[in-house]
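The values are calculated or read from the model by the stated rules, or taken from the named source; none is laboratory data. All values derive from a computational prediction rather than experimental measurement. Note that we place each Cβ from the backbone using ideal geometry, even for glycine, and neighbour counts take in every protein chain shown.
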Ligand SMILES: Cc1cc2nc3c(=O)[nH]c(=O)nc-3n(C[C@H](O)[C@H](O)[C@H](O)COP(=O)(O)OP(=O)(O)OC[C@H]3O[C@@H](n4cnc5c(N)ncnc54)[C@H](O)[C@@H]3O)c2cc1C
């Protein structure tokens, strides 16, 4: 098929950030091209896909993108053998079928006029002086654009080559690794489960069980806190095998289960990019490390920041000014969405791991007893301003918060 070689907005990557950007820019009238290295949208899945109901509502997605809706949260500490379960009394989120989710987003982008080029790897930016003016692909093609939005995930291909990311920025990588399993004896299909314990589960992160049906669940682990010694994928596989083994708190549920998909990936733990834009370029989603530092939630942020990058692209092209001076508007828009929430989350991660999880268990037990489950949702959504974080963790006031 003959490909177009010129557009207003060139988006690198068809993950949540890229598709959020493409839907928005094509809906607002910009000629938009997405270049995706994979030959199929949504494959391979590199995410567990736990997200909030508002994502489904805000992006007009059909309910079939959700494998299983969520209305309660369970936390178990293998360190202290304490547990707490909080029923929110309504559906608050769900676990996505990530393949269908990304395809439905791609359908929206295509319906608004986006062209998607599959099985083509972007290799470097095209430059006009110090302005990014398109991309080159591994097969030698050149696609020109007024603005490039780099949504290539942790590889951050254009951001790196355009010098926005220093070579040591990705020094600390978080890793997530999970199996989606059949024959899992689900505790409660509407409950998402987290398992913590520095020695017992994983040193610097948490384990999870996300039901995706009556006999199916995603079972995995990730790192969220910075590790003194960085963990590698083989370490995560070892920790996950232990989490599935005889001494695990979920052993009786998982012992007959079999994996039918593996989802794994990395993300930066170095914090958000200080400057996710330069002349002719914006960076969104994991490429700019825009996931929650608290629990690693990235899908909602990738969509939101892809959308904001595209809105900025519309304003910049209307003003005929794609200089970095104009594009800093993008960072302002992201800041308005986040307020101080990521700073508060980063402060909480200074608390030593088991001290932090035990404090969380105590806090959730107290909030459950007082009926303040909305504050629990704010915690899970990384949506706490400082006063709210102190209300949840009063003992950390002045020490970490
Ligand atoms: C194991 C794991 C579990 C997770 N679970 C959750 C969860 O439950 N909930 C949640 O909210 N977040 C979760 N996250 C985080 C979330 O998945 C990411 O934050 C989110 O996917 C980021 O979206 P993105 O579009 O920025 O990047 P990505 O999803 O990484 O998409 C990037 C896209 O760019 C393409 N690409 C890369 N390089 C090139 C190139 N050179 N040329 C062309 N295309 C390219 C890739 O193929 C990919 O399609 C998880 C992450 C991991 C690793």
Mind listing whichever residues of the stretch 43-66 are over 17 Å from the mean Cα position of the chain (by Cα) and either assigned to a loop (DSSP other than H, G, I, E, B) or under 17 Å from residue 302 (Cα atoms) (or both)? 57, 60, 61, 62
If a residue has to be within 14 Å of the ligand (Cβ to nearest atom), on the phi < 0 side of the Ramachandran plot and at pLDDT 90 or above to count, how many in the stretch 155-170 make the cut? 7
Does residue 296 count as crowded, with 20+ Cβ neighbours inside 10 Å, in contact (Cβ under 8 Å) with a residue 24 or more places away in the chain, out of contact with any helix residue (DSSP H, G or I) (no Cβ under 6 Å at 6 or more places or on another chain) and more than 30 Å from residue 209 (Cβ to Cβ)? no
Select from the stretch 1-22 the residues that are touching a residue at least 40 places away in the same chain (Cβ under 8 Å) and assigned to a loop (DSSP other than H, G, I, E, B) and list them in ascending order. 3, 4, 5, 13, 14, 15
Filtered residues of the stretch 316-353 (kept if in contact with a helix residue (DSSP H, G or I) (Cβ under 8 Å, 6 or more places away or on another chain), within 16 Å of the ligand (Cβ to nearest atom) and over 18 Å from residue 279 (Cβ atoms)): 334, 337
For the stretch 347-401: of the residues being more than 26 Å from the chain's Cα centre (by Cα) and in contact (Cβ under 8 Å) with a residue 60 or more places away in the chain, which is surrounded by the most Cβ atoms within 10 Å (Cβ to Cβ)? 367
Kindly establish whether residue 175 is within 13 Å of the ligand (Cβ to nearest atom), touching a strand residue (DSSP E or B) at 6+ places or on another chain (Cβ under 9 Å), at pLDDT 95 or above and in a strand (DSSP E or B). no
Are there any strands (runs of 3 or more DSSP E) wholly within the stretch 78-160 with 3 or more residues that are in contact with a helix residue (DSSP H, G or I) (Cβ under 8 Å, 6 or more places away or on another chain), and if so which? 82-87, 93-96, 122-128, 142-150
Which residue is surrounded by the fewest Cβ atoms within 10 Å (Cβ to Cβ), if the candidates are limited to the stretch 316-335 and must be touching a strand residue (DSSP E or B) at 6+ places or on another chain (Cβ under 7 Å) and part of a helix (DSSP H, G or I)? 328
Quick one: in the stretch 291-315, which of the residues that are closer than 14 Å to residue 329 by Cα and in contact with a strand residue (DSSP E or B) (Cβ under 6 Å, 6 or more places away or on another chain) is farthest from the ligand (Cβ to nearest atom)? 313
Residue that is surrounded by the fewest Cβ atoms within 10 Å (Cβ to Cβ) [pool: residues in the stretch 105-125 that are under 13 Å from residue 143 (Cα atoms) and in contact (Cβ under 8 Å) with a residue 60 or more places away in the chain]: 121
Checking the structure you have, find out if any residue of the stretch 126-147 is closer than 28 Å to residue 220 by Cβ, at pLDDT 95 or above and within 25 Å of the chain's Cα centre (by Cα). no
Of everything in the stretch 23-42 that's within 9 Å of the ligand (Cβ to nearest atom) and in a strand (DSSP E or B), which residue is farthest from residue 309 (Cα to Cα)? 35
